[in-house]
Amino acid sequence: MQVKKHVGIILAGFIAGCVNGLFGAGGGMVLVPLLTALTDINDDSVFPTSVSIILPICLVSLLITIQPSFDLLKTALPYLFGSGIGGILAGFFGKKIPTIWLHRLLGALIIWGGIRYLC
């Protein structure tokens, strides 16, 4: 049982890292369903665990894909204030939303994104 648990954890991280590295984002979107399916992490801990995993994955992806001419602060800084406020508010209010609805909302977002990119 312990080996299966570790394989699920490694596989979930590997797939999230691959998605994030290939597309520059999206690792967290696949990580939540993977953690739910492949690990024994309880549903209430899946979203916070995903956030704590995705930050280092994003940093690694950034370091590997960044171009020498890319001005990180000039390009990213305008987005950081709004995304920081959004992250704080979502962190506080997300705790009040039942986990099943968070899963459904994420699923709808994944489907919407997939349709958007296919069309």
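Tabulated data for the structure shown
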quantity: Criterion: modelled with pLDDT of 85 or more and under 21 Å from residue 65 (Cα atoms) - qualifying residue of 12, 25, 37, 16; calculated: 16
quantity: Only listed residue being of a type in the set (Ser, Thr, Tyr) and either in contact (Cβ under 8 Å) with a residue 40 or more places away in the chain or closer than 23 Å to residue 117 by Cβ (or both), chosen from 99, 49, 39; calculated: 99
quantity: Flag if residue 106 is hydrophobic (A, V, I, L, M, F, W, C), under 23 Å from residue 23 (Cβ atoms) and assigned to a helix (DSSP H, G or I); calculated: yes
quantity: Residue check for residue 75: at pLDDT below 80, more than 14 Å from the chain's Cα centre (by Cα), closer than 24 Å to residue 114 by Cα and of a type outside the set (Lys, Arg); calculated: no
quantity: Unique residue being out of contact with any Pro (no Cβ under 9 Å at 6 or more places or on another chain) and surrounded by 14 or more Cβ atoms within 10 Å (Cβ to Cβ) when the list is 41, 10; calculated: 41
quantity: Scan of the range 81-119 for residues that are hydrophobic (A, V, I, L, M, F, W, C) and either in contact with a helix residue (DSSP H, G or I) (Cβ under 6 Å, 6 or more places away or on another chain) or surrounded by 11 or more Cβ atoms within 10 Å (Cβ to Cβ) (or both), ordered by number; calculated: 90, 97, 102, 105, 106, 109, 110
quantity: Residue in the range 27-50 that is farther than 28 Å from residue 5 by Cβ and not in a helix (DSSP H, G or I) present; calculated: no
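The values are calculated or read from the model by the stated rules, or taken from the named source; none is laboratory data. Only a predicted model underlies this, so the values are computations on that prediction, with no experimental measurement involved. In this analysis, Cβ positions are derived from the backbone assuming ideal geometry, glycine residues included, and neighbour counts consider all displayed protein chains.
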